[in-house]
């Protein structure tokens, strides 16, 4: 078993302040490049070690009976497989020199509901103490996820027949093309039916859909939950340096949007742009659509002031999230695994890094299952941390004997 020197809580909190500053400086200098590097090199090692640690901790799911420990991980593994199936199939088809599948399938329409379901059952399993409560909660979450498709997409346009607004939902690519071609009017009269001019593709119930699909597995996971873990640790250990570290994390997260130094003159490299185009461009575009008046075009993502500031925040959040995990090894003891297991983790990590190096899209798709799975398996820990913070702040204080 691997042994590491034991650091005090104060020492680790001090180290983390330094890691935040280093992550922020790097994110300012090379935002896109630093994010791509961190995600490809630090990310896979984080997934593999955290999943192993969560398994050792029974995924932080309170046990009613021994069999109940397997309920959540089985749900998480199966539903994660459903979510990433299309991407993996397309990767396999690419290796066989076959065209990607075009049809929109079940998981494309219901992915928001699946993530909501996993988040909901995590809440139920952690917060509800009795078996009958857990069963009732599971039934309610399941029914809600099935009855309310909060992840629907829709196409709206002006009808070429009567000039009224018409809408198409839950469609395949073929149905969308037919709808646009045969029923949508050429509003601007330029001879073409163009997106964002003559028709618009939108996510219905946008707030819920964006929360569960775009933000929860990404920015909320790496920034907000990291902040909550740090706060809980500081409250639990009564570490003043830990509370300062939480404050530094908040300042570092805000700074990329408040200060854009002109003297840096940053321009994304062609290699980084090519990798970002096939990986995380869509994430930035979602944020643009919600928080910026600028069009979410690649030119604005890579070249506008807001685009660069946004990616500085993303690069900082992800890089520090990974470094924070590794810095606390001596406290949470995730490294305490048999040498054989550790060897397997290291071999898989090296394979993952090589895949990213050869082709970033291939690496991203090959690691997509682990990437999502570690986020979902962490949901019970997120709720456990929230409960711990509330108890630390508002729980009854023990009165010392006199």
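Assorted remarks:
- Residue in segment 352-371 that is modelled with pLDDT of 90 or more and under 23 Å from residue 16 (Cβ atoms) present: no
- For segment 310-344, residues that are over 24 Å from residue 196 (Cβ atoms), part of a helix (DSSP H, G or I) and either without any contact (Cβ under 8 Å) to a residue 60 or more places away in the chain or in contact with a helix residue (DSSP H, G or I) (Cβ under 8 Å, 6 or more places away or on another chain) (or both) total 23.
- Residue check for residue 75: in a helix (DSSP H, G or I), crowded, with 18+ Cβ neighbours inside 10 Å, modelled with pLDDT of 75 or more and in the same structural domain as residue 367 (by TED's automatic domain parsing): no
- Scanning segment 39-63 for residues that are buried (at least 17 other Cβ atoms within 10 Å of the Cβ) and in a loop (DSSP other than H, G, I, E, B) returns a single hit, 61.
- Unmet criterion (only one of (1) more than 16 Å from the chain's Cα centre (by Cα); (2) at pLDDT below 90; (3) under 26 Å from residue 274 (Cα atoms)) for residue 37: (2)
- Residues that are in contact (Cβ under 8 Å) with a residue 40 or more places away in the chain and part of a helix (DSSP H, G or I) within segment 121-173 comprise 121, 122, 123, 125, 126, 127, 131, 134, 173, listed in sequence order.
- Listed by position, the helices (runs of 4 or more DSSP H) contained in segment 195-280 that have at least 1 residues being over 24 Å from residue 20 (Cα atoms) and either assigned by TED's automatic domain parsing to the domain that holds residue 357 or in contact (Cβ under 8 Å) with a residue 12 or more places away in the chain (or both) are 206-210, 270-277.
The values are calculated or read from the model by the stated rules, or taken from the named source; none is laboratory data. None of these values were measured; they are calculated from a predicted model. Counting neighbours? That spans all protein chains shown, and the Cβs are built from the backbone with ideal geometry, glycine included.
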